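Following: one structure in structure tokens, then a few remarks.
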Amino acid sequence: MLPSTNGETSVLSSHQSGLTHEARRKEVEQVYLRCSAGSVEWMYPTGALIVNLRPNTFSPSRHLTVCIKPFRDSSGANIYLEKTGELKLLVRDGDSDAGRVQCFSLEQGGLFVEATPQQDISRRATGFQYELMSGRRALDLHVLTASCRPCSNTEVLLAVCTSDFVVRGSIQDVTHAPEHQESVIHLRVSRLYRQKSRVFQLAPEGSGHWQGHVTTLLECGVRPGHGDFLFTGHMHFGKAQLGCAPRFSDFQRMYRDAEERGLNPCEIGTE
């Protein structure tokens, strides 16, 4: 297994094969993941894997949140959250909703992947992507996934400073994907404050604005609407996921109020 660097994130792709052991042996293998994001693929699974998440990029003392997203064609094993011998099922072998993202704190335990009995393991492969987050990044994700409530003034101001993307724009269209439990929001961006990935690109007609799309939970019921908003959010498993998104006029008001009191955590143009 060879780590490689991609931008500011260390990425690891780890591959294991059950055919290196006798098919009927109940061996438990240890896998150590040292990067903050990557993937694990277990070919021809037999026995079990204990997945140890020990990234080099985070201090051991920091509270870490782990998110996993199983491959959609993953099969041949169950994925558990394990702590002191107790198992909590996260992903059942053959689950039709296997591509759903699940997050947990490392304090809750680690990952235990156990192969299920199969007649022909040569047709099976279990795999998932993972991301580790700490501090503000993990809290922003919690705000996103916990509910669809509006962000508080404090959350908005912090999101402006810590998000992977911050833009001013309007909603052009919204498309819903019930099979993924998400909505895709198509944006027309008039001002680009920050983006860490090429989520937004200049419109081809040369009008001077950017365009791109972000995703949010289907249950939030987002609809197209008029007016300018400040859109913030993070990249999560290659997708731009929406965080706080107040109306721009509301953001201007809260930012100026914080600025007058010396409480704005960072500076950004509000005109």
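Miscellaneous remarks
- Note on the stretch 158-206: Cα-only Rg and Dmax are 12.7, 35 Å.
- In the stretch 165-271, trypsin sites (Lys or Arg not before Pro) in a DSSP loop with at most 14 other beta-carbon atoms within 10 Å: LYS196, ARG198, ARG261
- Under a 5 Å amide H cut-off, with hydrogens placed 1.01 Å from N, ASP164 pairs with GLY233, HIS234, MET235 among residues at least 5 apart or on other chains.
Where a number appears in this text, it was derived from the coordinates with a stated rule and is not lab data. No experiment lies behind these values; they were computed from the predicted model shown. Positions of Cβ are generated from backbone atoms using ideal geometry, with glycine treated the same way; all protein chains shown enter the neighbour counts.
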